[in-house]
Amino acid sequence: MAAPAQRTRTIIEASSKPHLPAHIKLRHDAGRGRWHVLAPERVFEPDPIAVEILKHCDGDKTVQAIAEIMAVEYNAPLADITADIISMLQELADKGVVRA
């Protein structure tokens with residue numbers, strides 16, 4: 001019997017290029033006015049700022065680039081925004097929702 005494949009942890013850094021895997025969907029529920037992250041057998045309801053971050057997770061932009069956009073958009077310190085985005089994306093990566 002073959003040993004089970006060992007899962008490796010994705011580490012999110014400023015240079016990471018996060019994206020949602022093909023089986024994870026970010027969808028807007030117009031009837032309820034809410035965004036949902038749809039994963040197999042799970043649904044997440046991200047807050048409005050998390051939704052804006054996830055919209056930028058296209059696999060092309062780095063976390064640093066996303067943080068720069070958000071820092072301008074929310075007029076917040078870049079270092080704080082970067083740390084918050086890394087923390088949020090790391091939590092989602094640990095749940096298998098985000099890859100980098």
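Any read-out appearing in this document is the output of simple, stated calculations on the displayed coordinates, not a laboratory observation. Keep in mind the model is a prediction, meaning the values are calculated, not measured. A quick note on method: Cβ atoms are made from the backbone with ideal geometry, for glycine too, and the neighbour counts reach across all protein chains shown.
A few points about this structure:
- Highest average first, the peptides 52-58, 28-34 ordered by how many other beta carbon atoms sit within 10 Å of their residues are 52-58, 28-34.
- Along the range 25-33 the Karplus relation, 6.51 cos²θ - 1.76 cosθ + 1.60 evaluated at θ = phi - 60°, assigns HN-Hα couplings of 10, 9, 10, 9, 9, 4, x, 9, x Hz to successive residues, with x for each Gly and Pro.
- Mean ellipticity per residue at 222 nm, deg cm²/dmol - from DSSP H runs of n ≥ 4 across the chain, formula -39500 (n - 2.57): -11500 deg cm²/dmol
- Charge dipole (the chain, unit charges on Cβ, about Cα centre) - positive-most of I24, I66, L92: I24
- Relative contact order %, the range 25-94, counting alpha carbon pairs below 8 Å whose residues are six or more apart: 17 percent
- Whole-Å distance, taken between Cα centres, linking the range 5-37 and the range 59-85: 17 Å
- The charge dipole of the chain, taken about the Cα centre with unit charges on the Cβ atoms of Lys, Arg (+1) and Asp, Glu (-1), comes to about 480 debye, rounded to the nearest 20.
- Cα shape, the chain, gyration tensor, a/c 1.5 rule: oblate
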